Each structure stands twice: as structure tokens, then as C-alpha cells.
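Encoded as C-alpha cells, the structure appears first; notes follow it.
The values are calculated or read from the model by the stated rules, or taken from the named source; none is laboratory data. Quick caveat: nothing in here was measured; it's all calculated off a predicted structure. We place every Cβ from the backbone using ideal geometry, glycine too, and count neighbours over all the protein chains shown. Ligands, DNA and RNA are excluded from the accessible area calculation, which covers all protein heavy atoms including side chains. Shrake-Rupley method; radii C 1.70, N 1.55, O 1.52, S 1.80 Å.
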Amino acid sequence: MIPEKPLADLPTHQVENMPPHMGDQDLWQSDQVLRKAVVREGARSSVPLLSAFGKTVGAENVFELADQANRFPPQLKAFDRYGMRLNQVTFHPAYHDLMELAVQNELASFAWNHEGPGAHVTNMALVYMMCQTEGGVLCPMAMTYSSIPPLRSTPAISDEWIPRLLSKQYDPRDIPVTKKAGATMGMFMTEKQGGSDVRSNSTHAVAEGSGRGIGTDYLLTGHKYFCSAPMCDAFLTLAYTEEGLSCFMVPRWNPQGERNSLYIQQLKDKLGNRSNASAEIELQDTWGVMVGDEGHGIRTIIEMVQGTRIYCCTSSAAMMRQAFVQALHYAAHRKAFGKYLIDQPLMRNVLADLALEAESAMVLSMRVARALDHSSQDESEASLARIGTAIAKYWNCKRAPAHIFEAMECHGGSGYIEESILPRLYREAPVNSIWEGSGNVVCLDVLRAMQREEGAVPAILAEMEQAIGAHPLLDSSIDALKELVILTEDSEFHARNITEKLALTLQGSLLARHAPSFITDAFCTSRLAPEYRGAFGTLPSSADIGSILKRTSPM
Ligand SMILES: Cc1cc2nc3c(=O)[nH]c(=O)nc-3n(C[C@H](O)[C@H](O)[C@H](O)COP(=O)(O)OP(=O)(O)OC[C@H]3O[C@@H](n4cnc5c(N)ncnc54)[C@H](O)[C@@H]3O)c2cc1C
């Protein structure tokens, strides 16, 4: 039945006290903290491209694509209509649009296409802006990026693959790579019986011909329990040979131009990260080429995981930024008890605390990105990159779910509703902490770096000490760390305490050097005070809330 009046004119349907639509966001121009960090960390020449990307990726229609790609998750198409194995996954067109945006803007490739000062910083700034809108495409971007160093060590395949992996053309066709303009790379490590402990892998590889070792052909048999982005063109895969765990590149198509024998069993029904597919895959005499040295698969994988971890920590910082922006928008337009939320003292405390967390996470990621840019020329930066990546991966990823939840709560009930985008961010956040080394494993890796990498502790202490004298709580935190970094039998038990302290002190020292004193003071008097318990909205009365909100507001 057609209503006599349009619904909008119903006398009961007066929409009051609701925020206006946010519309397009300019994720570059509206974020002065990001702009300053990018220039400071060496990527001034990338400002024009970042500025253009920030406008594009923050547009309302891109947020809409992200919503669609997550609402209509990928579907497995294991067989064609005649029962032939296909092993394909079909995605909503919005996912392909997002992938195209990511590939065209070099989210997986900028750091390698423009190697040198500012390259990783630019790459991470691109990631930071993209992940505010959509995190699902980040997984194939991160894996493609981190496959480049091991592939470079394997000339037999690098010429064919690297130019396509670094291409700005998104080519989703499921055809042999030689016919493609661009390609992406996934990773098969985790098996049912063990993910953190890849030594428990049971997949094995036998040489196909008389050749052995790097660059030669093998046949792999086994299963892989978590295989994300299964439509990638190839996968770096761990399997045992007689010499031990080794790394292989397994493409979707074999050199004869036939489908390689990898069988997608099912897609995972995941909490979040729903625009991206994650599969279980069986390998049965599956053709692959050895990448890196035989028996040194763990070393190869660690190198790759270092790469994907910088994506995880930057993506977590990004989601915190967008969650804060959404919360601020709501609070600025919503009244309760006769006053805007943004004017209520306790809400101001929560919002400023969220702003501090997001800023300190981004600043930490960008500093690690700079260290990566200088790693090949500067040993101390290489050590800082090694330990700093693990620290930032642990802490940024650990903080994001709690932060996003708090931003959701700032919206009251509306934050729990899908259109607010907070549920999507909230569901996405935990995976950054789980994959590429779950929390404990990453903390143990921080200890490993301290133990095995001679320069790691001196590099990180030297970085922090540049801020000595900026705040008494920072000074005492640096002093306390000098004790904590002397490893004892008990250190493993306290690895989270040690990593958290390292993260907070490093963040405090970076803010002390690069942010106004009201940011440093609020950060140190909360995060570095002995009574800090981590809940948001617990800044002390001395915090200059007005200045913090003004600095971090996109408005
Ligand atoms: C959505 C999603 C996509 C994924 N995609 C991929 C992919 O594409 N390719 C791939 O290879 N893997 C992928 N993974 C797998 C992921 O990397 C693993 O889940 C992760 O490494 C943990 O391994 P696990 O699940 O076997 O957990 P386990 O190894 O069983 O660990 C369980 C817990 O124990 C902790 N733990 C382990 N060892 C220790 C220790 N010594 N001391 C204290 N605590 C410890 C871990 O930190 C973790 O919290 C994906 C996972 C998810 C959720």
C-alpha cells in the first residue's frame, strides 16, 4: 500500500540531535600529525602523491566500497559446471575496485620501486590512509611487499615475477603469470598442528628432477590451514626437504600452462577481515621452486614476517585514527543532558586519551618505517628496524581493539550499528595482533632481538635518550628500562612487561622530540606513571584537553 505521505514527512519522524553525514574525508589534509611525521621522517618529496591519495581514499564512495566488500564476502568456486577443479574464489566487484586502488597506488610496491630515504615512510603513509577506509586488501599487499627480498635472492624466478609483483596494474585474471600485467603473492606457513611453531610443519618437498637447492623444481605434498588471499598468483610456502625446513614459491599455474595441483578445501568463516578470503589448502605433488637456501626456510620466513609486521602495526594505528575521527564527529554534534558530548568533562577526557593513543601509534610506525629506509646504510638503523618492528607490532596491534571499542562506546548505541563503520573496524582489529606472530610470540621475538642482535638494545636506548630531560617520568622510564633489558631467567615470563615498557618509552621519547609539550605531558603523566592501568579516559587534571583535541581534530 502506498502511504499517503512520504515517510520523511511523518510528524513522528523528526530527526534531531543526530550528527550530519561526514561525507568525503581528506585523510591527508585533515591530519596535521601525519603530514608532519611524513616530512620529518624523510618523505617530503612524496607529499603531492600522498595528498592526492588522501583525498581519493577518504572519499565517501570508497568507504561505501569497503562496506560492500565486507557485507558480501568472497565465495569459494572449487569446481566448474562440469566438475573440473577450479580453485577459484569470487569476490564482490567492490573488492576488486579496492584492490585496483591499492595496486595502482603502490601499496605493495612503493618501498621497492623508489628505494631510498622516504620510501618506506611513503609506503606506510599510503597504508595508513588506505586502512582507515578498508583493511581487507592490506593482507595481499603486505604479503606481496614482503615477498620481494626472498625472491631477489632467487634469480631463476625473480626476473619473471618481481616486475609483475611491483607493477601498478591490477590484473585479477586466473591465468599463467607470463600472460599477466601484474601479480600478487600470498604465504603458506601455518598448518593445523602449528602456526607459531612452524618447525612442526609436516608438508614435505621432493626434488622433481636431478637438480637440488635454490631455484630448482620440487613437488610439495601436505596441507596448509590458513592461506589468505588465495587468489594470489603464487604463494611462498614452507615445506621440509632432507636438509630441513625450506621455502618454495608455489604458483597457481605450472610451467606447462596447467593449473597447479593446489586444492582449496574451504574458506574460513572469520570474525572480521571479511572482504579478504582465507582458505584451507591441500597440496598434492604440487609444483614449486625453491626460494632461498635449502634448509634455511625459517630465516627466509623471518625476513618476510618482518615485512608484514610493519603493515600490521601501521594498519592498527590507522584504524585507531579513523575510530577517533568518527567518535569526535559524533561527540561534536550530539547533545546529552543539555550539552554537546564534546563539552562534557568526562567525554573530553576519553576523546583526548583516544587521540593520544592514535597519535603515539602512528608516530611509532613512521619512525620504524624511517629505520627501514636507512637499514642498508646504517647498522644502528637496521638494529632499530629489527627490534622496533616487533615492539610496534605488539603494542599498536594490542591497543587497537580496546581503542576502537572505546570509540564505539562514544557513539552510544549508534556505534554498535554497522553503518557507523565502528563494528567493521572493531572486527578487523584483532587479526593484526594474531597473524604474523601472535602477541606472546612477538614479545619473545623482542627478547630474541635483544639477545642475538648486538646492536638492538644500544640502538633503542640511544633513540630514547635523545629525549632525556623532556619529562621526569620519561627519564625515570628510560632508567628503569636499562635494568629491564638485562635479560635474566625470568625475562621470558615478563616478556610482555618488557615489550610494553619499551613501546611506551619509545613512544614517549618520540612525542617529546616531535610533538608539542601538551602532548608529551599528557602522554607521560598517563602512560608512564606507575598507576597507569590502560583504560581510556583516565588522563590527569593537568592534561591540556582543549589543545590535544584541537591538534588532532580533522575539522
Ligand atoms: C584471518 C587469518 C588469516 C591468516 N592467514 C594466514 C596466511 O595467509 N598464511 C599463513 O601461513 N598463516 C595465516 N594465518 C595464521 C596465523 O599466522 C597463525 O594463526 C598464527 O601465527 C598463530 O598460529 P596458530 O594459530 O597455530 O596458534 P598457536 O601457535 O597454537 O598459538 C596459540 C597462542 O599461543 C601463543 N604461543 C605460542 N608459542 C608460545 C610460547 N612459546 N610462549 C607463550 N605463548 C606462546 C601464541 O602467541 C598464541 O597466542 C592466518 C590467521 C588468521 C586468523
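Here is how the numbers come out for the structure above:
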read-out: Qualifying residues in the stretch 260-308 (those that are in a loop (DSSP other than H, G, I, E, B) and among the acidic types (D, E)) - the one nearest to Y225 (Cα to Cα); value: D269
read-out: Residue that is surrounded by the most Cβ atoms within 10 Å (Cβ to Cβ), among those in the stretch 453-486 that are within 29 Å of the chain's Cα centre (by Cα) and part of a loop (DSSP other than H, G, I, E, B); value: A467
read-out: Sole residue being modelled with pLDDT under 95, more than 30 Å from T133 (Cβ to Cβ) and in the same structural domain as A358 (by TED's automatic domain parsing), chosen from L474, L484; value: L484
read-out: Scope the stretch 364-406; condition touching a Lys or Arg at 6+ places or on another chain (Cβ under 8 Å) and over 24 Å from R321 (Cβ atoms); matching residues; value: E381
read-out: Close pairs (6 angstrom Cβ cut-off, 6 or more residues apart or separate chains): hydroxyl-bearing (S, T, Y) in the stretch 254-267, open to solvent by less than 40 Å² (accessible area, probe 1.4 Å) anywhere; value: S261/T286
read-out: The stretch 436-449 - residue that is surrounded by fewer than 23 Cβ atoms within 10 Å (Cβ to Cβ) and not β-branched (V, I, T) and, of those, farthest from the ligand (Cβ to nearest atom); value: A449
read-out: Within the stretch 168-230, strands (runs of 3 or more DSSP E) holding 2 or more residues that are at pLDDT 95 or above, within 16 Å of the ligand (Cβ to nearest atom) and in the same structural domain as I281 (by TED's automatic domain parsing); value: 185-188, 217-228
read-out: A108 being of a type in the set (A, V, I, L, M), in contact (Cβ under 8 Å) with a residue 12 or more places away in the chain and touching a Pro at 6+ places or on another chain (Cβ under 9 Å); value: yes
read-out: Qualifying residue in the stretch 356-368 (condition: assigned to a helix (DSSP H, G or I), β-branched (V, I, T) and under 28 Å from N273 (Cα atoms)); value: yes
read-out: Out of V289, V305, sole residue that is away from the ligand (no atom under 15 Å from the Cβ) and either assigned by TED's automatic domain parsing to the domain that holds V446 or out of contact with any His (no Cβ under 9 Å at 6 or more places or on another chain) (or both); value: V289
read-out: Condition met for A142 (within 17 Å of A277 (Cβ to Cβ), assigned by TED's automatic domain parsing to the domain that holds A111 and within 12 Å of the ligand (Cβ to nearest atom)); value: yes
read-out: Tally, over the stretch 215-239, of residues that are open to solvent by 70 Å² or more (accessible area, probe 1.4 Å) and over 22 Å from N273 (Cβ atoms); value: 0
read-out: Odd one out for E100 among (1) open to solvent by less than 30 Å² (accessible area, probe 1.4 Å); (2) in contact (Cβ under 8 Å) with a residue 60 or more places away in the chain; (3) under 19 Å from the mean Cα position of the chain (by Cα); value: (1)
read-out: Verdict on I342 being modelled with pLDDT under 95 and in a helix (DSSP H, G or I); value: no
read-out: Any hit, the stretch 416-433, residues being away from the ligand (no atom under 16 Å from the Cβ), part of a helix (DSSP H, G or I), small (G, A, S) and farther than 23 Å from L510 by Cβ; value: yes
read-out: Of all residues making up the stretch 189-214, the number that are open to solvent by 40 Å² or more (accessible area, probe 1.4 Å) and among the aliphatic types (A, V, I, L, M); value: 2
read-out: Count of residues meeting criterion [outside any helix (DSSP H, G or I), open to solvent by less than 30 Å² (accessible area, probe 1.4 Å) and over 19 Å from R367 (Cβ atoms)] in the stretch 504-552; value: 6
read-out: Candidate set: the stretch 294-319, residues that are of a type in the set (D, E, K, R) and touching a helix residue (DSSP H, G or I) at 6+ places or on another chain (Cβ under 8 Å); chosen: the one surrounded by the most Cβ atoms within 10 Å (Cβ to Cβ); value: R309
read-out: Some residue of the stretch 168-182 being crowded, with 22+ Cβ neighbours inside 10 Å and either under 24 Å from C313 (Cα atoms) or within 21 Å of the chain's Cα centre (by Cα) (or both); value: no
read-out: Pair list, Cβ under 6 Å, 6 or more apart: the stretch 142-154 residue free of Cβ contacts under 8 Å to residues at least 12 places away in the same chain, other residue more than 16 Å from the ligand (Cβ to nearest atom); value: R152/S158
read-out: Test: residue in the stretch 392-399 that is in contact with an Asp or Glu (Cβ under 8 Å, 6 or more places away or on another chain) and not in a helix (DSSP H, G or I); value: no
